[in-house]
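The values are calculated or read from the model by the stated rules, or taken from the named source; none is laboratory data. As the structure is a computational prediction, the values presented were derived from the model and not from experiment. Positions of Cβ are generated from backbone atoms using ideal geometry, with glycine treated the same way; all protein chains shown enter the neighbour counts. Note: accessible area is taken over every heavy atom of the protein model, side chains too, but ligands, DNA and RNA are not part of it. Shrake-Rupley method; radii C 1.70, N 1.55, O 1.52, S 1.80 Å.
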Amino acid sequence: MEKDELTQKLEIWLNDFLKKKFSKYNIEILVKPGLLSNSSNEKLKKLGNISFLEFEPDILGILEEKKTERIELVFLNRETKAYGIREIGEMLCFCQLAKPRLAMMSSLKGLSPQVNKMINHEKKYDILSYDSDKIKIFRWDEDANSPDELTITPIDERSFFE
């Protein structure tokens, strides 16, 4: 599967997933939205710290609480190869700056064996931690067209995807 096809599938999945998980919110999905700091999106402009967010997630979910119109972000980065520590570190920096409601990384290959061992076997979850949450990582199952439940990292976050 090519990156563009993976992006399209993840965009559809993310929209459906967020509608199920966050029913009190209006959902908007943007693919390759450009630098968040330069965005002309009216909802993003409501964020007080938008000028500091000089990065671009692969897929951006915008959650707008229906009653208060409060805006929260969802990041989903995607890759066709296995994720390593560099990609996780990059996402962690994004998360520490923006403090998204949810941050996920999806790959056709999952985690590299070394990173998988460090996180899931040695329980070094601190490399996924930002604010009071953790980045969630999963392998995209091309056949099922959904996250592979057995690859969701950290393991204790698997129930979140049910």
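Entry comment: accessible area of the chain is 53 Å² per residue, from protein heavy atoms only and a probe of 1.4 Å.
Net charge of the neighbourhood of L10, taken over other residues with C-beta under 14 Å away and scored Lys/Arg +1, Asp/Glu -1, is -4. Which stretch or stretches of segment 75-100 have amide N atoms under 20 Å from the point lying 7 Å from D131's Cα along the Cα→Cβ direction? Counting only backbone N, you get 75-78, 88-100.
Axis of helix 85-98 versus longest Cα principal axis of the chain: the two differ by about 20°, to the nearest ten degrees. Pairwise Cα separations in segment 84-162 fall into 10 Å bins from 0 onward with the following percentages, short to long: 18, 55, 26, 1. Per-residue ellipticity at 222 nm computed for the chain from its helices equals -7500 deg cm²/dmol, with DSSP H segments shorter than 4 residues left out and the rest contributing -39,500 (n - 2.57).
For the chain, carbon and sulfur atoms together expose 46% of the accessible surface, with a 1.4 angstrom probe and every protein chain in place.
When the chain is treated as a GNM with alpha-carbon contacts under 10 Å, the residue of K20, K109, K81 showing the greatest mean-square fluctuation is K20. Its alpha carbons considered, segment 88-132 gives a radius of gyration followed by a Dmax of 11.2, 29 Å. Largest to smallest in accessible area, the residues R101, R86 fall in the order R86, R101 (1.4 Å probe, all protein chains included).
If you fit an axis through the alpha-carbon atoms of helix 3-21 and take the longest principal axis of the Cα set of the chain, what angle between them do you get, 0 to 90°, nearest 10? Approximately 70 degrees, to the nearest 10.
Per-residue Karplus couplings for segment 116-132, computed as 6.51 cos²θ - 1.76 cosθ + 1.60 with θ equal to phi - 60°, are listed in order as 4, 4, 4, 7, 8, 9, 8, 6, 8, 6, 4, 6, 9, 8, 9, 6, 10 Hz, Gly and Pro entered as x.
Normalised by residue number, the volume inside the convex hull of the Cα atoms of segment 7-102 is 94 Å³ per residue.
Loop-located GluC sites (Glu not before Pro) in segment 84-136 (DSSP state not H, G, I, E or B) with no more than 10 neighbouring Cβ atoms inside 10 Å: E122.
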